[in-house]
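Values quoted throughout were computed directly from the atomic coordinates according to the rules given, and no laboratory measurement underlies them. Because the structure is a prediction, the values reported are computed rather than measured. When we count neighbours, we look across all protein chains shown, and the Cβ atoms used for this are built from the backbone with ideal geometry, even at glycine.
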Amino acid sequence: MASDDPGKRLEKLRYSQNFLRERRLVEQIVKLARIMPGDTVLEIGPGHGIITHALRDAVGATGSVIAIELDAKLAARLRGVFGQVSYVKIIEADFLSVGLAWLPATYAAFANVPFAITSAVLDKLFQPNHWPYRAHLILERAAMESVLPGSSSGPTLKSLAIAPWYDIAPVYAFERSDFAPRPAVDTALYAFERRDPPLVDVQRYDAYRDFLAAVSKDRVGEGIWKRVLSAREIDRLADDAGLVVGRGIKAQGAESMAAAFRAFDADKGRAASVRGAADALRAEQARREQINERGGHRRKTRPNR
């Protein structure tokens with residue numbers, strides 16, 4: 001979780017932002033995102049506006065671009081560039097603190113996400129009261145590999161929290177030289193497409209997150225399934241849904257985790273055993289981040305050569 005202080009967050013972001021350099025490349029990836037005339041697009045952290053230009057051209061006068069920028073100087077510069085464009089709205093605000101429920105249900109999201117707040121952005125964006133119909137996000141490849149089907153490293157808690165409602169796939173791999181300053185890690189554009197139907201009913205979103213957080217505590221997985229499911233349910237899920245018995249979440253897929261939750265959730269009396277687990281995990285992660293911040297951890301970059 002990111003710090004609640006926007007000033008501290010802004011200072012941290014200035015060390016973790018890498019901006020795309022070439023307008024032609026930006027136009028290419030916006031086309032890959034299938035942004036169409038008339039679309040409403042939320043841009044998170046427009047920075048110098050190179051992506052905003054391409055989004056403006058893609059949606060046209062019948063569409064809308066809402067760009068949320070935390071940095072006051074960058075926001076003022078963007079207003080100077082786009083102030084006469086009625087369908088581009090520049091909002092100077094902290095994205096992590098802005099309400100999004102007013103956006104249309106079919107809005108799309110696009111962002112070059114700073115590594116320092118990747119986890120917080122994903123948590124904020126993919127919530128059912130304001131989640132996008134689809135999103136295209138530039139993210140670190142190493143962190144996202146585990147999200148993808150067939151990953152050798154297995155899924156992460158973050159990916160399994162999103163997967164019941166979104167298909168996730170890489171659509172473009174960047175060169176490090178595409179950015180200034182040059183990042184020390186590889187990045188790619190990832191597409192998040194809403195599943196229809198979802199693997200888990202949206203009304204059970206909070207219950208699923210609690211279940212997932214509770215199960216994730218047993219990293220090896222030797223005993224967790226026996227604590228949350230009956231022996232008969234475990235056998236059925238192993239045969240029908242591919243649940244890997246005796247292994248933790250990194251050995252499971254989105255389908256098997258969703259099926260395990262549905263079996264667990266069918267007995268409403270069991271819900272109390274995991275209720276509040278997601279909040280407890282977030283609090284623990286926040287404490288860890290505070291420790292990391294005190295240690296001065298920053299996103300590493302290399303000079304643009």
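Projecting the Cα atoms of Leu70, Ala184, Ala101 onto the charge dipole of the chain (Cβ charges, centred on the Cα centre) puts Ala184 farthest toward the positive pole.
Helical content of the chain, expressed as a calculated mean residue ellipticity at 222 nm, amounts to -11000 deg cm²/dmol (DSSP H runs of 4 or more residues, -39,500 (n - 2.57) each, divided by residue number, nearest 500).
In the distance distribution for region 202-291, Cα-Cα pairs more than 19 Å apart total 38 percent. Taking packing as the residue-averaged number of other Cβ atoms within 10 angstrom, the listed peptides 33-43, 238-248 run from highest to lowest as 33-43, 238-248.
Here's how it looks for Arg182: its modeled amide H is under 5 Å from those of Arg302, Asn304, which are all 5 or more places away or on a different chain. Note on the chain: GNM, Cα springs under 10 Å; of Ala231, Ala207, Ala180, the largest mean-square fluctuation is that of Ala231.
Region 78-138 and region 199-216 have Cα centres spaced 24 Å apart. Counting only whole DSSP H helices of the chain, there are none at least 18 Å long by C-alpha along their axis and with mean Kyte-Doolittle hydropathy no lower than -0.5. How many percent of the alpha carbon pairs in the chain exceed a separation of 24 Å? Across the chain, Cα pairs with separations above 24 Å total 55 percent.
Phi angles across region 84-96 convert, under the Karplus curve 6.51 cos²θ - 1.76 cosθ + 1.60 with θ = phi - 60°, into 3J(HN,Hα) values of 8, 9, 5, 9, 10, 10, 9, 10, 8, 6, 8, 3, 5 Hz, Gly and Pro given as x. Close amide H partners of Leu42, meaning residues 5 or more places away or on another chain with modelled amide H under 5 Å apart, are Ile66, Ala108, Ala109, Phe110.
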